[in-house]
Amino acid sequence: MIRRLAPSVLNADLAQLADQVRLVEAAADWIHLDIMDGHFVPNLTFGPPVVAALRPYTDHYLDCHLMVEDPEALLPALAAGGANGVSMHVEPLEDPGRALDAAAGHGLDAGLAIKPGTPLDTVLPFLDHLDLVLAMTVEPGFGGQSFDDRVLPKIAAARRAIAGSGREVALQVDGGVNLTTVPRCLEAGADVFVVGTGIFHADDPVAAAKAFRAMLDGGAG
Ligand code: DX5
Ligand code: ZN
């Protein structure tokens, strides 16, 4: 199983976005971009224009986590701006299947995200139509929160369901992922690791990103 590191720039120095991405590129597989609308979550970040602005500065896969009430509305501009994949929260979606098909129709890898308290059953019916499941391990909205261990059984159940489907579906964890919690996520079966403050609030973000890389390349699981 390929293990991917996806640094989240949410708590990086956003005034130097391209430079911050460059800092972690060597260790990273994906760059995780947290798009928030101030409605689905009580925080407001950036949208498709910033994704498009970043695109010329990196060849890395741009993984867009859409914490918005109406993610389908953003898909055309994200695709045009060079995003590679989207994860849409299942909670506000009227028709997750339609949203996934719309993302794929725009050439985007299509994912569904679930909050810590949202049952896995909400995404399982769509396993044949998605590329990624994002299990939030904190309430979405802000970086720097503590990892919620109660999500681990859900991650393990998602891994079993993915294995049973016979499809290649990535299983991403996001929220409070650090060098202490990565092993628990690996054991539960996650394979994409979003890390925000664990890298960008470290004294040395380059060294921190390398440490996560080494753990993912050498760790158990
Ligand atoms: C929070 C975001 C995360 C955030 C994670 O809602 O989805 O991607 O950047 O930050 P840490 O790693 O600090 O929990
Ligand atoms: Zn995120």
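The values are calculated or read from the model by the stated rules, or taken from the named source; none is laboratory data. Quantities reported herein were computed from a predicted structural model and do not represent experimental measurements. Positions of Cβ are backbone-derived with ideal geometry, glycine not excepted, and every protein chain shown enters the neighbour counts. Note: accessible area is taken over every heavy atom of the protein model, side chains too, but ligands, DNA and RNA are not part of it. Shrake-Rupley method; radii C 1.70, N 1.55, O 1.52, S 1.80 Å.
Quick grid of which residues meet (1) away from ligand 1 (no atom under 14 Å from the Cβ); (2) out of contact with any Ser or Thr (no Cβ under 6 Å at 6 or more places or on another chain); (3) under 23 Å from S8 (Cα atoms):
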site	(1), (2), (3)
N84	yes, yes, yes
P96	yes, yes, no
Q145	no, yes, yes
A170	yes, yes, yes
T180	no, yes, yes
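Hey, can you tell me all the residues within region 36-58 that are under 18 Å from the mean Cα position of the chain (by Cα), touching a residue at least 40 places away in the same chain (Cβ under 8 Å) and within 16 Å of ligand 2 (Cβ to nearest atom)?
Within region 36-58, M36, F40, V41, N43 meet the criteria.
Tally the residues that are aliphatic (A, V, I, L, M) and under 11 Å from P205 (Cα atoms), restricting the search to region 9-28. Talk me through it step by step, then tell me what you get.
Here is the first cut: in region 9-28, the residues aliphatic (A, V, I, L, M) are 9-10, 12, 14-15, 17-18, 21, 23-24, 26-28.
Now restrict to residues that are under 11 Å from P205 (Cα atoms): 12, 21, 23-24, 27.
Residues that pass the stated criteria total 5.
If you take the residues in region 159-181 that are within 16 Å of ligand 2 (Cβ to nearest atom) and among the polar types (S, T, N, Q), which one is surrounded by the most Cβ atoms within 10 Å (Cβ to Cβ)? Steps first, please.
Here is the first cut: in region 159-181, the residues within 16 Å of ligand 2 (Cβ to nearest atom) are 170-178, 181.
Add one more test, that the residue is among the polar types (S, T, N, Q), and what stays is 172, 178, 181.
Details: Q172: 28, N178: 18, T181: 21.
The qualifying residue surrounded by the most Cβ atoms within 10 Å (Cβ to Cβ) is Q172.
Any idea which of (1) crowded, with 21+ Cβ neighbours inside 10 Å; (2) under 20 Å from G111 (Cβ atoms) is the one L152 doesn't satisfy?
So L152 meets the others, but not (1).
Given the conditions (1) within 16 Å of ligand 2 (Cβ to nearest atom); (2) over 20 Å from M88 (Cα atoms), report the number of the one that A202 does not fulfil.
Status for A202: all satisfied but (1).
Collect the residues in region 99-133 that are within 19 Å of G175 (Cα to Cα) and touching a helix residue (DSSP H, G or I) at 6+ places or on another chain (Cβ under 7 Å), keeping them in residue-number order.
L112, I114, P116, L120, V133
In region 134-152, is there at least one residue being in contact with a helix residue (DSSP H, G or I) (Cβ under 9 Å, 6 or more places away or on another chain), part of a strand (DSSP E or B) and within 18 Å of I2 (Cα to Cα)?
Within region 134-152, one or more residues are in contact with a helix residue (DSSP H, G or I) (Cβ under 9 Å, 6 or more places away or on another chain), part of a strand (DSSP E or B) and within 18 Å of I2 (Cα to Cα).
Go through region 61-73 residue by residue and tally those that are open to solvent by 40 Å² or more (accessible area, probe 1.4 Å) and not charged (D, E, K, R). Break it down stepwise before answering.
In the first step, residues of region 61-73 are kept if they are open to solvent by 40 Å² or more (accessible area, probe 1.4 Å); the result is 61, 69-70, 72-73.
Filter again for not charged (D, E, K, R), leaving 61, 73.
Summing the residues that are open to solvent by 40 Å² or more (accessible area, probe 1.4 Å) and not charged (D, E, K, R) in region 61-73 gives 2.
Output the number of residues of region 22-44 satisfying the condition of being out of contact with any Leu (no Cβ under 7 Å at 6 or more places or on another chain) and within 16 Å of ligand 1 (Cβ to nearest atom). Even if it seems obvious, please write down each step before you answer.
First pass over region 22-44, keeping only residues out of contact with any Leu (no Cβ under 7 Å at 6 or more places or on another chain): 22-26, 30, 32, 39-44.
Next cut, within 16 Å of ligand 1 (Cβ to nearest atom) only: 23-24, 30, 32, 39-44.
Within region 22-44, residues that are out of contact with any Leu (no Cβ under 7 Å at 6 or more places or on another chain) and within 16 Å of ligand 1 (Cβ to nearest atom) number 10.
For D149, are the conditions met, namely being closer than 20 Å to P48 by Cβ and modelled with pLDDT of 95 or more?
Details: closer than 20 Å to P48 by Cβ: no; modelled with pLDDT of 95 or more: yes.
Here the answer is no, as D149 does not meet what is asked.
If D19 passes every condition in (1) in contact (Cβ under 8 Å) with a residue 60 or more places away in the chain; (2) open to solvent by 10 Å² or more (accessible area, probe 1.4 Å); (3) over 18 Å from D191 (Cα atoms) but one, which one does it miss?
D19 satisfies every listed condition except (1).
Any idea how many residues of region 59-74 are among the small types (G, A, S) and in contact (Cβ under 8 Å) with a residue 24 or more places away in the chain? Give the steps one after another, and end with the answer.
As a first pass, look at region 59-74 and keep what is among the small types (G, A, S): 73.
Of the ones still in play, those that are also in contact (Cβ under 8 Å) with a residue 24 or more places away in the chain are none.
Summing the residues that are among the small types (G, A, S) and in contact (Cβ under 8 Å) with a residue 24 or more places away in the chain in region 59-74 gives 0.
How many residues are part of a loop (DSSP other than H, G, I, E, B) and either open to solvent by less than 20 Å² (accessible area, probe 1.4 Å) or modelled with pLDDT of 95 or more (or both) if we restrict to region 182-221? Spell out how you get there, then give the answer.
Keep residues of region 182-221 that are part of a loop (DSSP other than H, G, I, E, B), which gives 189-191, 196, 201-204, 219-221.
From the residues that got through so far, the ones that are either open to solvent by less than 20 Å² (accessible area, probe 1.4 Å) or modelled with pLDDT of 95 or more (or both) too are 189-191, 196, 201-204.
Of the residues in region 182-221, 8 are part of a loop (DSSP other than H, G, I, E, B) and either open to solvent by less than 20 Å² (accessible area, probe 1.4 Å) or modelled with pLDDT of 95 or more (or both).
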